[in-house]
Amino acid sequence: MNTCNFCIKTTEKGKWMLTENKSWTVYLSDEQDYIGRCILILKRHCGCLSELTDNEWMDLKNLIVKLEQCFKSILGAELCNWSCLLNSFYKKPLPNPHLHLHVRPRYKKPFNLNGVEYIDEEFAHHYKLKKRNQVGEEELEKIFNILKKGLE
């Protein structure tokens, strides 16, 4: 079996870990093409949604509720786009998918961070693929700290 970077990441507890429960770990994505974008990674190696246990589904539901409340109350998001695609794993000769979800908070109104305004130009439309990262390292740390505190 191929080495799984997500299994390694969840074991090492990466720098951008926001919260976790028994089944899932949530990381702030270093790609902030949408402000607050996060990745939820299942703690065990599993290749598809249909293989989740009842407990893992419930843990996922609880995280979704917690994250959406935080994005809306702390960041002012209007809604969240959730995706579980796994396509990149199948570009490799020996696919070894690890279940994870991306969440992209979406903003009807501009999001303000330290006097800089970020506008969700695609609001109410599908998120744009390969959109540029909107923030630098300093802003990424600020977003991380805001979300970390909001999820406590």
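Only residues that are surrounded by fewer than 21 Cβ atoms within 10 Å (Cβ to Cβ), within 11 Å of the chain's Cα centre (by Cα) and without any contact (Cβ under 8 Å) to a residue 40 or more places away in the chain: list them for segment 12-48, please.
Residue satisfying the conditions is Met17 alone.
Consider Glu68 against the criteria (1) of a type in the set (D, E, K, R); (2) out of contact with any Ser or Thr (no Cβ under 8 Å at 6 or more places or on another chain); (3) farther than 17 Å from Leu28 by Cα: it satisfies all of them except one. Which criterion is unmet?
(3)
Being among the polar types (S, T, N, Q), in contact with an Asp or Glu (Cβ under 7 Å, 6 or more places away or on another chain) and surrounded by 11 or more Cβ atoms within 10 Å (Cβ to Cβ) is the requirement here; does Asn133 meet it? Please lay out each step first, then the result.
Working: among the polar types (S, T, N, Q): yes; in contact with an Asp or Glu (Cβ under 7 Å, 6 or more places away or on another chain): yes; surrounded by 11 or more Cβ atoms within 10 Å (Cβ to Cβ): yes.
It is true that Asn133 is among the polar types (S, T, N, Q), in contact with an Asp or Glu (Cβ under 7 Å, 6 or more places away or on another chain) and surrounded by 11 or more Cβ atoms within 10 Å (Cβ to Cβ).
List the strands (runs of 3 or more DSSP E) that sit entirely inside segment 37-143 and contain at least 2 residues that are β-branched (Val, Ile, Thr).
Qualifying strands (runs of 3 or more DSSP E): 38-42.
Using the structure shown, decide if Ser88 is more than 11 Å from the chain's Cα centre (by Cα), hydroxyl-bearing (Ser, Thr, Tyr) and at pLDDT 95 or above. Outline the logic, then answer.
On the way: more than 11 Å from the chain's Cα centre (by Cα): yes; hydroxyl-bearing (Ser, Thr, Tyr): yes; at pLDDT 95 or above: no.
In short, no.
For segment 84-124, which residues satisfy the criterion of being in contact with an Asp or Glu (Cβ under 9 Å, 6 or more places away or on another chain) and polar (S, T, N, Q)?
Asn114
Which one is modelled with the highest pLDDT, of the residues in segment 101-152 that are within 18 Å of the chain's Cα centre (by Cα) and polar (S, T, N, Q)?
Of everything passing the filter in segment 101-152, Asn145 is modelled with the highest pLDDT.
State whether the residues of segment 88-102 include one that is more than 12 Å from Ile35 (Cα to Cα), in contact with a Cys (Cβ under 8 Å, 6 or more places away or on another chain) and of a type in the set (S, T, N, Q).
Initial filter on segment 88-102 (more than 12 Å from Ile35 (Cα to Cα)): 88-102.
So of that shortlist, the ones also in contact with a Cys (Cβ under 8 Å, 6 or more places away or on another chain) come out as 96-102.
Checking which are of a type in the set (S, T, N, Q) leaves us with 96.
Yes, segment 88-102 contains at least one residue that is more than 12 Å from Ile35 (Cα to Cα), in contact with a Cys (Cβ under 8 Å, 6 or more places away or on another chain) and of a type in the set (S, T, N, Q).
Across segment 1-24, what is the total count of residues that are closer than 15 Å to Cys84 by Cα and at pLDDT below 95?
Quick first cut of segment 1-24, residues closer than 15 Å to Cys84 by Cα only: 6, 24.
Going one step further and asking which of them are at pLDDT below 95, we end up with 6.
Summing the residues that are closer than 15 Å to Cys84 by Cα and at pLDDT below 95 in segment 1-24 gives 1.
Just the residues that are modelled with pLDDT of 95 or more and either of a type in the set (Asp, Glu) or on the phi > 0 side of the Ramachandran plot (or both), please, taken from segment 32-75.
Gly36, Glu51, Asp54, Glu56, Asp59, Glu68
The values are calculated or read from the model by the stated rules, or taken from the named source; none is laboratory data. Model, not experiment: these values are computed from the prediction. For neighbour counting, all protein chains shown are included, and Cβ atoms are generated from backbone atoms with ideal geometry for every residue, glycine included.
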